[in-house]
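Asker: Pasting a structure here, questions to come.
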Amino acid sequence: MQRTIIYLLFSWLIIPAYGSEPITQLLTSAKHGIHLDSWQLSHNDVKFESKFPWSIRKYTLHGGKQEGVDIIEVDNGSLKFTIVPTRGMGILKAELDGMQLGWNSPVKEVVHPQFINLQERAGLGWLDGFNEWIVRCGIEFMGHPGKDNFITNVGNKAEMPLTLHGKIANIPASEVEILIDQEPPHLIRIRGIVYERMFYGPKFKLWTEISTTPGSNSLRMDDKITNQGGFDQEFEILYHVNFGPPLLEEGAQFVGAIKEVFPFNAHAAKYINHYKIYEDPVLGFIEQVYCMHPYADDNKMTQIMIQNKAANRALSMTFSVDQLPIVNLWKNTSSLEEGYVTGLEPGTSFPYNRRIERKFGRVPILKGGESRDFTIEFMGLINKDEVAIANKHIKSIQKGRKTRVKTAPPEID
Amino acid sequence: MQRTIIYLLFSWLIIPAYGSEPITQLLTSAKHGIHLDSWQLSHNDVKFESKFPWSIRKYTLHGGKQEGVDIIEVDNGSLKFTIVPTRGMGILKAELDGMQLGWNSPVKEVVHPQFINLQERAGLGWLDGFNEWIVRCGIEFMGHPGKDNFITNVGNKAEMPLTLHGKIANIPASEVEILIDQEPPHLIRIRGIVYERMFYGPKFKLWTEISTTPGSNSLRMDDKITNQGGFDQEFEILYHVNFGPPLLEEGAQFVGAIKEVFPFNAHAAKYINHYKIYEDPVLGFIEQVYCMHPYADDNKMTQIMIQNKAANRALSMTFSVDQLPIVNLWKNTSSLEEGYVTGLEPGTSFPYNRRIERKFGRVPILKGGESRDFTIEFMGLINKDEVAIANKHIKSIQKGRKTRVKTAPPEID
Amino acid sequence: MQRTIIYLLFSWLIIPAYGSEPITQLLTSAKHGIHLDSWQLSHNDVKFESKFPWSIRKYTLHGGKQEGVDIIEVDNGSLKFTIVPTRGMGILKAELDGMQLGWNSPVKEVVHPQFINLQERAGLGWLDGFNEWIVRCGIEFMGHPGKDNFITNVGNKAEMPLTLHGKIANIPASEVEILIDQEPPHLIRIRGIVYERMFYGPKFKLWTEISTTPGSNSLRMDDKITNQGGFDQEFEILYHVNFGPPLLEEGAQFVGAIKEVFPFNAHAAKYINHYKIYEDPVLGFIEQVYCMHPYADDNKMTQIMIQNKAANRALSMTFSVDQLPIVNLWKNTSSLEEGYVTGLEPGTSFPYNRRIERKFGRVPILKGGESRDFTIEFMGLINKDEVAIANKHIKSIQKGRKTRVKTAPPEID
């Protein structure tokens, strides 16, 4: 605590040095026993000049289930977004020039992991805290709850109940750091490290860097997952990126260069012909999930997007199909109270239980010491021209190639 | 934290305004990021005069499993009681002119929900923190653990293990506020809001106001449960109000205007003839539970009471049978170390597992947006006259009507 | 919080009184609402002179899963060790004249119980926080997870899933106190109380005193377990004392006066002939567990030890076989990343599931109000002579008596 206080005071006195070194500020460090309650910095506090105003504010939530939750608000002048270190470095919400990019979850508080029991409700406890714009599912497993095998410490196969979407979103970051380049374009980076590790089990390190440039309409997420154990280790990651109004509305569309799509289950199969089109909120709407393999350009890059009805607002995501070979589309256009939301979800795997994904060969493995990188560029588009350009680009990836539409779900058991 | 500190300082400088507006003090607000560590106010601090001394003190517990637990002590000059916002706005204990109204649980600490795992011990984890005078059981479900069906997000029936007495008692309040009327009789109100909500699940808001008047022997609990979701939603609530010595003793009695009583199970059936009478502590006493439907007066109000052997001390509870149609009587006169205690429990339902209560039509439903109110008036009686008056009133409700005593438990499976 | 701050200030002004009374400092008290963030005292701060420099430092960890964890570092001038009140008064690590006595767990953070779910991973959640040098397993049960019977509140037999190694290591201490004798040899004592109790369940009080003398190479753990309930209560305790390099290495040995040893399972049976000898780290090494009954001297005392290959470094443990009749040897010489570690584990019981231990009559019972004491003396040895003396002493306990080596595991089901 002493140390914390010293750093806290220090943070108010920060005098950024000139030169090529970025301004850095450690906010949390399990290694060094540091955890700042609050901190802030803006274009007014630094010696370099920025064409765009920007600010970073760290504070702590209080009250109810959000007691003690760390929040980092980044405003690049155009794009504002809120990172939650306490919830695995997810991104709670974002807005671009006042337009919400996320959604309105019925879960209003930013729930501290101490109040989450993932095993609750037959493995659905994750839903007690689900309200992020971008939330990572994984890393040891993700997808639907249900039993799967694992190898115990004595080398035996045993069963454990997997819980919905895994543990990573409910682990607090051990290290959190801010970096601001003093050189133009003054890149702002928020770095975090989250460990999902145990004895006789997986030993993952998630390193993430979430970055943006003052004045820009985009942010970038660079993740590196490392297996710090000695054994080959299965893993899964899915970026659950969620949208509500105004991007989601009747007539809004999913846009992507799609090689193949199949319905997750029999229910989704009924609506496969309209899988790209969204409808108005309907109480009692049952989720429809579509599993896709995207096409990519010559550099293995692909782009997916949600655009509103008028095609003058959109959010696009660009990533490598080598890193993230699948896209899962979650349509949950239920009533506003229940959560009117869709998820565009690039991942290594589909959200079936891991035992099914394994059967289909979609559970990758990291050797001991091995790392894998995942980068997604998120871009908000707020006029017809920008949306048209993105559509054109996605078309150029599709290159007139066919989309194979499977109308029946796979046999999974 | 900054904000918290500011509010904390402010709270010491509070200058109550004259007039008809009550003095108000926000103690906790998830909405505004407020959480006061400590605060107090008494008749000495305000400008209006009170015939009775009173005080309200908010502080925070430390050490062991009670680290960080919020406590609000209210003393109205005669009646003292302690509210625990961190444990769902339950009432830990109370005393009237020095007489304990609650009980002595073997659980001595006020356990923070972070140390409770409701799923422990085959669904009995709730018992790790059970020591309140008044604790709410519910809201999605309450009663005995065991499997019940629920509807999953894909519209399928699935099973989940219900845990003993539900979640609400282990959820911290999101909003807590104190109000003191400047006008006589200077009503003191403690308001709280507790949310039991999740995605793909129930979305309950519990609003509660616990109030008392300086110098009085009573407190009142006004609860409003709202279904903030869109769907029809089952719910259950049971007010688990618990008594030990001195009210509970050999020869103490339960008093109520009872229409029907049946034993919870075969064990209780053996003792149905003495269901109203209490005995001395007996190590190894096995709980006896009696399920009752009370009679009511013309205004649908009923009254129940526990009185000591000499009938010169009692605690009565008055409520509407429209709101709370059942009374559950829990007799657990085990040894002092194990917990010598009885519960007088008005509720919407009996404490069988919800799947049984549903079968018997005792699980009410709230439509989307709908609310239901529950009010209980608790009154401590400390002399023969007061107890006699209460007995007379209960007799007047019974109006000579018969109590139907079923000697066998219902067939529940 | 106020109270905390007052005590905190007071602690900096401490003026030890002369005389025979030890200097005492309360660090945590649930009873008195006290919890100090930081505190320290050393030979420089007191009026008595010590031949050896010593210091005690209490601080709080921050960041990641160790947010809010209390740490007490004791340095007696030769021996340094770190107690974790938040994790049941376990000892995280120790070193003697710079030699590590503990091990290097892949779990790097000192995990706060709020982030542990013991039921996770089919009852293996305990492994999420396992990195202590000395960790107690128990008290209601310990050993392998799996179903066992218990008696419910209604007197029925029911099943509950026991979780690995029980709850005690993940319960924060309710009372923590430091005592330093002003009289030579200036014994330093750290006392703690941890409660494992619930309604309708066990009511254990663990009182512990961990003590050392400035300049010495030893520390002593005095535990007292009390059944504060009224019923006869089964209990189990196992001291899981763990070693890595440099004590553990190829050629290191377990040394003890052993009456009988048997392999825990068929896998261990294969290596029973080498059960005392350790090997180099091998990725994929499957744990080998050996169950032993030690011989004792005329005072019922026995000694066990791990010594390095050169027999010039060792750690010995001395205890009464009346208190701790069994020794469990856990060999887990896996790779360094996965955890190269062995456990020398005195206990009341072997780490089979409690239902098996009960069958073999190895689950002791405490009557209501009854206590049992457990004392272990830990001694670090850092040269050939000291190690030789200990070997000689262990030989004198064995007195040439035979070790009965069972080559097959017991039939347990």
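The values are calculated or read from the model by the stated rules, or taken from the named source; none is laboratory data. Keep in mind that this is a model prediction, so the values were computed, not measured. Using ideal geometry, Cβ is built from the backbone for each residue, glycine included, and neighbour counts are taken over all protein chains shown.
Asker: Scan segment A:378-385 and give yes if some residue there is of a type in the set (D, E, K, R), more than 14 Å from every other protein chain (Cβ to nearest Cβ), farther than 22 Å from residue A:91 by Cβ and not in a loop (DSSP other than H, G, I, E, B), otherwise no.
Answerer: yes
Asker: Is there a residue in segment A:386-393 that is at pLDDT 95 or above, under 25 Å from residue A:285 (Cα atoms), basic (Lys, Arg) and surrounded by fewer than 23 Cβ atoms within 10 Å (Cβ to Cβ)?
Answerer: no
Asker: Another question about this same structure. Starting from residues that are touching a Lys or Arg at 6+ places or on another chain (Cβ under 9 Å) and under 15 Å from residue C:173 (Cα atoms), keep the ones in segment C:60-81 and report whichever is surrounded by the fewest Cβ atoms within 10 Å (Cβ to Cβ).
Answerer: C:71
Asker: Right, next: Restricting attention to segment A:115-127, and to residues there that are touching a residue at least 40 places away in the same chain (Cβ under 8 Å) and assigned to a helix (DSSP H, G or I), which single residue is farthest from residue A:281 (Cα to Cα)?
Answerer: Across segment A:115-127, the extreme among qualifying residues is A:115.
Asker: While we're looking at this one, here's another question. If we scan segment A:363-385, do we find a residue that is under 20 Å from residue A:411 (Cα atoms) and surrounded by fewer than 16 Cβ atoms within 10 Å (Cβ to Cβ)?
Answerer: no
Asker: Under 17 Å from the mean Cα position of the chain (by Cα), under 30 Å from residue A:281 (Cβ atoms) and more than 14 Å from every other protein chain (Cβ to nearest Cβ): which single residue out of A:238, A:248 fits that description?
Answerer: A:238
Asker: Hey, another quick one. Go through segment A:302-356 and count every residue that is part of a strand (DSSP E or B), of a type in the set (A, V, I, L, M) and touching a residue at least 60 places away in the same chain (Cβ under 8 Å).
Answerer: So the count comes out to 10.
Asker: Related question: Name every residue in segment B:363-409 that is farther than 26 Å from residue B:212 by Cα and either in contact with a helix residue (DSSP H, G or I) (Cβ under 9 Å, 6 or more places away or on another chain) or without any contact (Cβ under 8 Å) to a residue 12 or more places away in the chain (or both), in order of residue number.
Answerer: Scanning segment B:363-409 gives B:363, B:400, B:402, B:405, B:406, B:407, B:408, B:409.
Asker: Now for a separate question. Which one of these is surrounded by 24 or more Cβ atoms within 10 Å (Cβ to Cβ) and within 13 Å of chain B (Cβ to nearest Cβ): C:118, C:124, C:162?
Answerer: Selected residue: C:118, the only one of C:118, C:124, C:162 that is surrounded by 24 or more Cβ atoms within 10 Å (Cβ to Cβ) and within 13 Å of chain B (Cβ to nearest Cβ).
Asker: Then there's this: Quick check on my filter: what residues within segment B:28-52 are free of Cβ contacts under 8 Å to residues at least 60 places away in the same chain, within 7 Å of another protein chain (Cβ to nearest Cβ) and not aliphatic (A, V, I, L, M)?
Answerer: If the condition is that a residue be free of Cβ contacts under 8 Å to residues at least 60 places away in the same chain, within 7 Å of another protein chain (Cβ to nearest Cβ) and not aliphatic (A, V, I, L, M), then B:33, B:35, B:37, B:38 are the ones that fit.
Asker: In addition: Specify the residue that is farthest from residue B:77 (Cα to Cα); the eligible residues are those in segment B:92-115 that are more than 14 Å from chain A (Cβ to nearest Cβ) and touching a helix residue (DSSP H, G or I) at 6+ places or on another chain (Cβ under 6 Å).
Answerer: B:109
Asker: Can you tell me which of (1) in contact with a helix residue (DSSP H, G or I) (Cβ under 9 Å, 6 or more places away or on another chain); (2) of a type outside the set (Asp, Glu); (3) touching a residue at least 24 places away in the same chain (Cβ under 8 Å) is the one residue A:158 doesn't meet?
Answerer: Going through (1) in contact with a helix residue (DSSP H, G or I) (Cβ under 9 Å, 6 or more places away or on another chain); (2) of a type outside the set (Asp, Glu); (3) touching a residue at least 24 places away in the same chain (Cβ under 8 Å) one by one, residue A:158 breaks only (3).
Asker: Next question, about the same structure. Does segment B:56-73 contain at least one residue that is modelled with pLDDT of 95 or more, out of contact with any Leu (no Cβ under 8 Å at 6 or more places or on another chain) and away from chain C (no Cβ under 14 Å)?
Answerer: Checked against the condition, which is being modelled with pLDDT of 95 or more, out of contact with any Leu (no Cβ under 8 Å at 6 or more places or on another chain) and away from chain C (no Cβ under 14 Å), segment B:56-73 yields no hits at all.
Asker: Could you check segment C:22-110 for strands (runs of 3 or more DSSP E) lying wholly inside it with 3 or more residues that are in contact with a Ser or Thr (Cβ under 8 Å, 6 or more places away or on another chain)?
Answerer: C:23-29, C:39-42, C:55-60, C:70-75, C:90-96
Asker: If a residue must be in contact (Cβ under 8 Å) with a residue 60 or more places away in the chain and either surrounded by fewer than 24 Cβ atoms within 10 Å (Cβ to Cβ) or under 22 Å from residue C:313 (Cα atoms) (or both), how many such residues does segment C:84-98 contain?
Answerer: 4
Asker: Taking the condition touching a strand residue (DSSP E or B) at 6+ places or on another chain (Cβ under 9 Å) and more than 10 Å from chain B (Cβ to nearest Cβ), does residue A:85 pass?
Answerer: yes
Asker: For segment C:373-390, give me the residue count where each residue is within 23 Å of the chain's Cα centre (by Cα) and within 22 Å of residue C:100 (Cβ to Cβ).
Answerer: Residues that pass the stated criteria total 9.
Asker: Out of curiosity, is residue B:344 surrounded by 18 or more Cβ atoms within 10 Å (Cβ to Cβ) and farther than 21 Å from residue B:164 by Cβ?
Answerer: no
Asker: Just one of C:194, C:135 is within 26 Å of residue C:111 (Cβ to Cβ), within 13 Å of chain B (Cβ to nearest Cβ) and in contact with a strand residue (DSSP E or B) (Cβ under 8 Å, 6 or more places away or on another chain); which is it?
Answerer: When all the criteria are applied, what remains is C:194.
Asker: So, in segment A:292-312, exactly how many residues are polar (S, T, N, Q) and surrounded by fewer than 17 Cβ atoms within 10 Å (Cβ to Cβ)?
Answerer: Number satisfying all stated conditions: 2.
Asker: Which of the residues that make up segment A:210-227 are within 28 Å of residue A:187 (Cβ to Cβ) and either at pLDDT below 95 or within 14 Å of chain C (Cβ to nearest Cβ) (or both)?
Answerer: Within segment A:210-227, A:226 is the sole residue that qualifies.
Asker: Still on this model: Could you tell me how many of the residues in segment A:236-268 are buried (at least 18 other Cβ atoms within 10 Å of the Cβ) and in a helix (DSSP H, G or I)?
Answerer: 1
Asker: For residue B:146, are the conditions met, namely being more than 17 Å from residue A:338 (Cβ to Cβ), within 14 Å of chain A (Cβ to nearest Cβ) and either acidic (Asp, Glu) or surrounded by fewer than 20 Cβ atoms within 10 Å (Cβ to Cβ) (or both)?
Answerer: So residue B:146 fits the description; yes.
Asker: Here is a further query. So is residue A:230 more than 24 Å from residue A:356 (Cβ to Cβ) and either within 14 Å of chain C (Cβ to nearest Cβ) or part of a strand (DSSP E or B) (or both) or not?
Answerer: Spelling it out, residue A:230 is indeed more than 24 Å from residue A:356 (Cβ to Cβ) and either within 14 Å of chain C (Cβ to nearest Cβ) or part of a strand (DSSP E or B) (or both).
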